[in-house]
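Written out below as structure tokens is the structure these notes cover.
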Amino acid sequence: MRLCRALMEYGAPTHRLEEYLNMSARVLEIEAQFLYIPGSMIMSFDDPSTHTTDVKLVKVAPGLDLGKLRDTHEVYKRVVHDMIGVEEATEWLKEVSRCRPKHNKWTRIFVFGLASACVGPFAFGARLIDLPIAFLLGCLLGVLQLVVAPRSDSYANVFEICTAVLTSFLSRAFGSINEGNLFCFSALAQSSIALILPGYTVLCASLELQSRSIVAGSVRMVYAIIYSLFLGFGITIGTAIYSIIDSSAVSTTQCKDPTPQYWSFVFVPAFTMCLIIINQAKRRQAPVMMVISFAGYIV
């Protein structure tokens, strides 16, 4: 159960969670069955001697910590290959959970701003003059996600909509300066929420459907679609509110004189490095992530 909780909490591939647990149970000679649904794992332990079944529910808020996930997977491999026992593996998992975050929240908030500034030029056509504003909006997103949302469950439930409303409002305000000739509204609005787009959720849903996890994959895919609609709804509200305040607000969807394409070879690795820091990855994971990032962008 502790292994299951750690894998879910640190962002293990959801389409392989049941496989990981089945392999662990087989090595430990435990008769068990597992059913994963997004956010929860139902575990059934059978006792052949008494013909009874003990059902447990493990419910964990999904997260992403690549460094701790690497350590947890190392524990899993040692258990599967019968290199360590249950007690030692449990102590290792407790030690992993007690480890402090690799980067504190204020460092990550600063990197949120850098990531928004880096993703703008190669993904949304932002210009160099837009980058300082994108940086500020990205830092605002980081504060809302890492500081405000954990303190209030009520706000956490509407975090995406509130963030989209606020950032789109500010983006249109900055984009309307000098009749839209100074900053690019569309690039600012999109780059400021790039880090909360449901790309990873869609990936997990696709892998679950591919591995025949129909229930989990369908639920996650529908959630990603609704989540995207919420973000679009928030952007629409934010821009509409500012248009009430300023009747001459711009609404252009493309930037004039976007950053030349060759600058992408600077901003793509910079954005990848920001994601490495935000997701708490280890240094030895960085080269592989950089190669995959470049390959994905080129393709």
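Observations, loosely collected:
- Qualifying residue in region 154-168 (condition: free of Cβ contacts under 8 Å to residues at least 60 places away in the same chain and of a type in the set (A, V, I, L, M)): yes
- Residue match in region 282-293 (condition: under 29 Å from residue 103 (Cα atoms), modelled with pLDDT under 90 and not in a helix (DSSP H, G or I)): yes
- For region 209-253, the candidate set comprises residues that are at pLDDT below 90 and of a type in the set (D, E, K, R); within that set, the residue that is farthest from residue 163 (Cα to Cα) is 212.
- Here residue 261 clears all of (1) buried (at least 19 other Cβ atoms within 10 Å of the Cβ); (2) closer than 21 Å to residue 129 by Cβ except the condition numbered (1).
- Selection within region 194-216 - touching a residue at least 60 places away in the same chain (Cβ under 8 Å) and either touching an Asp or Glu at 6+ places or on another chain (Cβ under 7 Å) or under 30 Å from residue 176 (Cβ atoms) (or both): 194, 195, 216
- Residues that are of a type outside the set (Gly, Ala, Ser) and in contact with a Phe, Trp or Tyr (Cβ under 9 Å, 6 or more places away or on another chain), drawn from region 198-214: 198, 201, 208
- Matching option when the condition is within 18 Å of the chain's Cα centre (by Cα), of a type in the set (A, V, I, L, M) and surrounded by fewer than 16 Cβ atoms within 10 Å (Cβ to Cβ), among 241, 225: 225
- Tabulated pairs, region 112-136, first under 12 Å from residue 186 (Cα atoms) and in contact (Cβ under 8 Å) with a residue 24 or more places away in the chain, second of a type in the set (D, E, K, R) and crowded, with 24+ Cβ neighbours inside 10 Å, C-beta under 7 angstrom, 6+ apart or interchain: 120/130
- Which numbered condition residue 266 misses (of (1) in contact with a Ser or Thr (Cβ under 9 Å, 6 or more places away or on another chain); (2) assigned to a helix (DSSP H, G or I); (3) among the aliphatic types (A, V, I, L, M)): (1)
- Unique residue being touching a Phe, Trp or Tyr at 6+ places or on another chain (Cβ under 7 Å), within 30 Å of residue 221 (Cα to Cα) and not assigned by TED's automatic domain parsing to the domain that holds residue 219 when the list is 7, 66, 57, 114: 7
- Segments classed as helices (runs of 4 or more DSSP H), wholly inside region 51-139, with at least 2 members that are among the polar types (S, T, N, Q): 86-98, 105-124
- Checking residue 61 against (1) modelled with pLDDT of 85 or more; (2) closer than 30 Å to residue 198 by Cα, the condition it does not meet: (1)
- Test: residue in region 99-117 that is closer than 19 Å to residue 12 by Cα and either among the β-branched types (Val, Ile, Thr) or surrounded by 14 or more Cβ atoms within 10 Å (Cβ to Cβ) (or both): yes
The values are calculated or read from the model by the stated rules, or taken from the named source; none is laboratory data. Here the structure is a predicted model, which means the values were calculated and not measured. Every residue, glycine among them, receives a Cβ derived from its backbone with ideal geometry; neighbour counts consider all protein chains shown.
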